[in-house]
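Report on the structure given below.
The values are calculated or read from the model by the stated rules, or taken from the named source; none is laboratory data. Here the structure is a predicted model, which means the values were calculated and not measured. No Cβ is skipped: glycine too gets one built from the backbone with ideal geometry, and neighbour counts run over all protein chains shown.
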Amino acid sequence: MVKKRYILNFPPESGDKPLSYHLVRDYDIRINILKAEVYPGKRGSLLLELQGKKENIEKGVKYLTDQHVVCEPLEKRIHFEEKKCIDCGNCTAVCFAGALTMNRETWKLEFDKSKCVVCELCIPACPLHLFEIDFK
Ligand code: SF4
Ligand code: SF4
């Protein structure tokens, strides 16, 4: 069993399809919705955590792609300019998900993207503007 987070972007024509039902029934995938937004014209974006067998998750992602849903691993949508980081720690104070932490031995920032819930609070918190997150 593996757990993996994906950002899904839905075109308007996918809005009324029972996609999550098929993921559960046909691919035996457990779904946890971590963030959802709907935009004018009924485009939508979701942050989903999928849990299941690796091969089933791959098949489920292919199924979504065949339904014209853009489905990408969360890590690919987070852009962090790590080399410019000065390890000030500001972003760790707002990251309630625990994705951004300070290493107490090295006092360097550590970023575990797999824990991110795309709250986007780190974006204004960083004085050097080192974060960009592509959710929509
Ligand atoms: S968007 Fe930033 S602050 Fe929010 S969970 Fe992800 S890393 Fe943490
Ligand atoms: S707020 Fe910006 S500069 Fe400070 S530790 Fe976080 S990423 Fe690095």
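For I57, the criteria (1) under 18 Å from the mean Cα position of the chain (by Cα); (2) assigned by TED's automatic domain parsing to the domain that holds P124 hold in every case but one, which is (2).
The residue that is nearest to the chain's Cα centre (by Cα), among those in the range 60-95 that are within 13 Å of ligand 1 (Cβ to nearest atom) and farther than 15 Å from E110 by Cβ, is L74. Pairing each residue of the range 61-79 that is charged (D, E, K, R) with any residue that is assigned to a helix (DSSP H, G or I) and surrounded by 13 or more Cβ atoms within 10 Å (Cβ to Cβ), provided the two are 6+ apart or on different chains, yields C-beta distances under 6 Å for E75/K113. Selection over the range 116-136 of residues that are within 17 Å of P73 (Cβ to Cβ) and more than 7 Å from ligand 1 (Cβ to nearest atom) gives a count of 4. In a residue-by-residue description of the range 76-86, the property of being surrounded by 13 or more Cβ atoms within 10 Å (Cβ to Cβ), assigned to a helix (DSSP H, G or I) and either more than 10 Å from ligand 2 (Cβ to nearest atom) or at positive phi (or both) applies to at least one position. Taken over the range 98-136, the criterion of being more than 17 Å from the chain's Cα centre (by Cα), surrounded by 14 or more Cβ atoms within 10 Å (Cβ to Cβ) and not β-branched (V, I, T) is satisfied by M102, L109, A125, C126, L130. In the set (1) within 21 Å of P124 (Cα to Cα); (2) modelled with pLDDT of 95 or more; (3) loosely packed, with under 15 Cβ neighbours inside 10 Å, the condition left unmet by P73 is number (1).
Close Cβ contacts (under 7 Å, 6 or more residues apart or on different chains) running from residues in the range 110-128 that are in contact (Cβ under 8 Å) with a residue 40 or more places away in the chain to residues that are surrounded by fewer than 17 Cβ atoms within 10 Å (Cβ to Cβ) and basic (K, R) comprise V117/K35; V118/K35; L128/K84.
Only a single criterion out of (1) assigned by TED's automatic domain parsing to the domain that holds Y21; (2) farther than 14 Å from K3 by Cα; (3) in a strand (DSSP E or B); (4) out of contact with any Asp or Glu (no Cβ under 9 Å at 6 or more places or on another chain) is not satisfied by E110, namely (1). Here C91, C95 are screened, and the one residue that is surrounded by 17 or more Cβ atoms within 10 Å (Cβ to Cβ), assigned to a loop (DSSP other than H, G, I, E, B) and at pLDDT 95 or above is C95.
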